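Notes follow once the structure below has been shown.
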Amino acid sequence: ARDIREAWAKNDYDRLIISYHGVPESYVRRGDPYVDHCTATTQGVLERVGSLTPDNTHQVFQSRFGPTEWVKPYLSDTLRSLPSQGIKRVLVATPAFVADCLETIEEIHVENHDIFKQAGGEVFDVVQPFNEHIDFSKYIASLANRHFAQN
């Protein structure tokens, strides 16, 4: 939330896009609480950032593949539609991705960036995953040390 708050305060964005890895709709129909967990995370981010509301935030899903329906809204569809609504400056955050990976580097920084720009978007910024921060590394190290101390 700190990185989102700092980025949001520095720029005049129209929307925050919070993107999570998608899952097939069939998982949710069978009772998988994943989407509820994503929504709770989004709500937690909004509470911690303070200046954001559901009105200037979109929760979306990415990384779908295969022939089945996946949970929506899709990141790509959302980004494609926003510029025609006058929303041309977005900040994208991926709180479930703690480290850079194919989904953050190729899918967001390249594919979805291009989708947004081709649709008429002007500013497309991305909050970097936690692996960029020493605090995250210290936290992971503390978990490992605690585990090794107990075993």
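For the reader, a short list of remarks on this structure follows.
- The chain: radius of gyration over Cα atoms, expressed as a fraction of 2.2 N^0.38 Å: 1.12
- Ranked for footprinting exposure by Cβ neighbours inside 10 Å, fewest first, LEU46, LEU79 give LEU46, LEU79.
- Convex hull volume of the range 84-151 per residue (C-alpha atoms, cubic angstrom): 87 Å³
- Between 0 and 90°, nearest 10: helix 134-150 axis offset from the chain longest Cα axis: 30 degrees
- By the count of neighbouring beta-carbon atoms within 10 Å, fewest first, VAL110, VAL28 end up ordered VAL110, VAL28.
- For the chain, the mean residue ellipticity at 222 nm estimated from helices alone is -11500 deg cm²/dmol, where every DSSP H run of n ≥ 4 contributes -39500 (n - 2.57) and the total is divided by all residues, rounded to the nearest 500.
- SER81-TYR34 pseudo-label distance in nm [points 7 Å out on the Cα-to-Cβ vector]: 2.2 nm
- Near SER63, once Lys and Arg are set to +1 and Asp and Glu to -1 for all other residues with Cβ below 9 Å from its Cβ, the sum equals -1.
- In the range 20-77, the trypsin sites (Lys or Arg not before Pro) that fall in loop regions by DSSP, at most 14 other Cβ within 10 Å: ARG30
- Rough spin-label spacing in nm, given labels placed 7 Å along Cα→Cβ, for TYR27 and GLU47: 2.5 nm
- Pairwise FRET efficiency - GLU69 versus GLU6, Cβ, R0 = 41 Å, nearest 0.05: 0.70
- Once both labels are positioned 7 Å from their Cα atoms along Cα-to-Cβ, the gap between CYS101 and GLN128 label points is 1.9 nm.
Values quoted throughout were computed directly from the atomic coordinates according to the rules given, and no laboratory measurement underlies them. Being a predicted model, the structure only gives us computed values, none of them experimental. Backbone-built Cβ (ideal geometry, glycine too); neighbour counts: all protein chains shown.
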